[in-house]
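There's a structure below that I have some questions on.
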Amino acid sequence: MKANTRIFGEIEVADDKLITMEQGMIGFPDLKCFALIFDMEKEDRDRSIMWLQSMDDTDIAFPVINPHIVAEDYNPNVSEEIIAPLGELTDDNTYVLVTATVPRDIKEFSVNLKAPIVINMDNRKAMQLIVEDDYPIKFKIYDLIKTIKEKAGE
């Protein structure tokens with residue numbers, strides 16, 4: 001599938017790499033088809049911001065990040081009934097992301113730990129859900145990311 005995106009220009013995504021969200025994203029129920037875009041130059045995409053690019057509305061892409069970068073013990077409780085439409089989830093096929101907010105003041109950089117995106121990488125079905133746990137919607141991470149980069153020597 002080819003798409004002319006606002007952020008990345010023209011991209012081509014193989015059909016077997018498309019992610020389907022039957023319920024759409026929270027606040028965007030009509031967006032159901034996505035591609036996960038990340039910098040191929042990076043050795044470890046789990047340490048960087050990626051983009052969940054809508055293929056339904058190519059002007060929309062959500063910055064996403066692996067929550068374990070900023071909250072190593074992140075382990076939200078999710079009802080089996082809620083995630084049943086994703087199919088059988090295992091440690092090997094489950095990929096969890098959270099949306100990031102990057103405002104003008106970078107010190108306000110935050111991630112939404114309350115509404116993770118769960119992806120079954122075997123069938124590429126995904127959903128964004130609101131967890132019952134007491135995770136914040138705006139978990140500020142600027143200082144944490146700065147410390148991680150300093151430790152990595154970047």
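The values are calculated or read from the model by the stated rules, or taken from the named source; none is laboratory data. Just so we're clear, the structure is a prediction, and the values are computed from it rather than from any experiment. Neighbour counts run over all protein chains shown; Cβ positions are idealised from the backbone, glycine included. Just so you know, the surface numbers come from the protein's heavy atoms only, side chains and all, with ligands and any DNA or RNA stripped out. Shrake-Rupley method; radii C 1.70, N 1.55, O 1.52, S 1.80 Å.
If Met50 satisfies every condition in (1) surrounded by 15 or more Cβ atoms within 10 Å (Cβ to Cβ); (2) in contact (Cβ under 8 Å) with a residue 60 or more places away in the chain but one, which is the exception?
(2)
Of the residues Leu144, Leu97, only one is modelled with pLDDT of 90 or more, open to solvent by less than 90 Å² (accessible area, probe 1.4 Å), not in a loop (DSSP other than H, G, I, E, B) and not small (Gly, Ala, Ser); which?
Leu97
Give me the residue from the stretch 78-94 that is not in a loop (DSSP other than H, G, I, E, B) and not aliphatic (A, V, I, L, M) and, out of that set, least open to solvent (accessible area, probe 1.4 Å).
Filtering first and then ranking leaves Thr94.
Another question, if that's okay. Can you pull out the residues in the stretch 100-130 that are small (Gly, Ala, Ser) and assigned to a strand (DSSP E or B)?
Selection gives Ala100, Ser110, Ala126.
Would you be able to say whether some residue in the stretch 3-15 is in contact with a strand residue (DSSP E or B) (Cβ under 7 Å, 6 or more places away or on another chain), open to solvent by 30 Å² or more (accessible area, probe 1.4 Å) and part of a helix (DSSP H, G or I)?
no
A follow-up question, please. Taking Ile106 and the conditions (1) at pLDDT below 90; (2) among the hydrophobic types (A, V, I, L, M, F, W, C); (3) in contact with a strand residue (DSSP E or B) (Cβ under 6 Å, 6 or more places away or on another chain), which numbered condition does it fall short on, given that it satisfies the others?
Going through the list (1) at pLDDT below 90; (2) among the hydrophobic types (A, V, I, L, M, F, W, C); (3) in contact with a strand residue (DSSP E or B) (Cβ under 6 Å, 6 or more places away or on another chain), Ile106 breaks only (3).
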